[in-house]
Amino acid sequence: MRLQTNIIFGDFKEEIRKLGLTGQGLLCCRRGFDPAQLPGLDLYALRISPEPTVESVRGYWEEIADRKFDYVLAVGGGSVIDVAKILAARMENDEEIENFVGIEKIRRRAKKIIAVPTTHGTGSEVTKYSVLKFKETKKSIVSENICPEVAIIDEGLTLGMPRDLTLYTSIDALCHNIEAYLAKACDPLNDTICESGVRLFFEGIEEAMSDLAVGRKRLMLSSVLGGIAITNAQTLLVHALSHVVGAVHDIPHGLANSLFLPSFLKFYEGDEKLSRLEKILGIDLRKNIERLYEKHGVKRLADFVDRAEAVMIAEKAFENKRLMNGGRKPVTLDDLKEMVLSSF
């Protein structure tokens, strides 16, 4: 296992001060973040919109291309951190942004990245992944050269997060832990990480939904562990499907993942390793997730597509051979169609 990120837990303003950052920094953040919270830093603020497209990231680059930065500071959710990674890579690599898509296509290490997540979902603050939206699907940039140098984890930044955002970003973290656990590349150390990440999700989700700091803290840790897990293994069928439906219907990533998690667990029903995870946790994963969905009104695939389009989503997702072939269980196109149709 390899982890390139220095993970720091604490008050983000105090921990950033301790880093002793000098020179000019690019601050990637959402519209609501006030850079005045970080006095003493020379920052150029770039406001990032959710669900980045390749066109929007090109636009961000055009805005800053003539400026010189000493580091990149990302304060926000997964979209903000993902964009920061791409821009930091572009600073050190004279390549078109779309040429980064794929596995290890970034030749030189990105500019120094400090990532401060404000949601508990993507784990992007510790991963080698960045996701870009194209017309019909989302595509992944996978490179060790975009792993943040520092991640600052402060659950206080998630307090007040809306309930839907809390729920769906948390389910994203749960998906990371479960999918990585069932990946062929998952090793014994990663197993322990995933088991802890899933346990923390169930221990913290209800308190997080009530906006209690103790629940937020557990889910922040679950998210970090999920990020470590997928960096050392990978995601699988849930993400392959969500990348398609999320791009076509402009559905937030966590919500898109939530649509397929129960049917993914049904597909893996009886798998020896999934059974071991349930025995360790002392729960039936699919039943517990379905109860959670019913309690909090999680949407279904039928809220977004009809059955004919669902089949087309499966066909498009099946083209993603990296995610199709990464799991413990072989998957056919018919398997994937059944998984999608059972998500209604």
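The values are calculated or read from the model by the stated rules, or taken from the named source; none is laboratory data. If you're wondering where the values come from, they're calculated on a predicted model, not measured in any experiment. Please note: Cβ atoms are built from the backbone with ideal geometry, for glycine as well, and neighbour counts cover all protein chains shown.
Just a few scattered comments:
- Count - residues of region 251-283 that are within 20 Å of residue 223 (Cβ to Cβ), surrounded by 20 or more Cβ atoms within 10 Å (Cβ to Cβ) and either charged (D, E, K, R) or touching a residue at least 60 places away in the same chain (Cβ under 8 Å) (or both): 12
- Residues considered: 328, 286, 300. Of these, the only one that is within 24 Å of residue 206 (Cα to Cα), touching a residue at least 12 places away in the same chain (Cβ under 8 Å) and surrounded by fewer than 18 Cβ atoms within 10 Å (Cβ to Cβ) is 300.
- Flag for residue 66 being among the acidic types (Asp, Glu) and at pLDDT below 95: no
- Hits in region 161-203 (condition: in contact (Cβ under 8 Å) with a residue 60 or more places away in the chain and β-branched (Val, Ile, Thr)): 169, 171, 178, 198
- Strands (runs of 3 or more DSSP E) (entirely within region 1-101) containing at least 3 residues that are crowded, with 18+ Cβ neighbours inside 10 Å: 24-29, 71-76
- From 265, 285, residue being touching an Asp or Glu at 6+ places or on another chain (Cβ under 8 Å) and outside the structural domain of residue 50 (by TED's automatic domain parsing): 285
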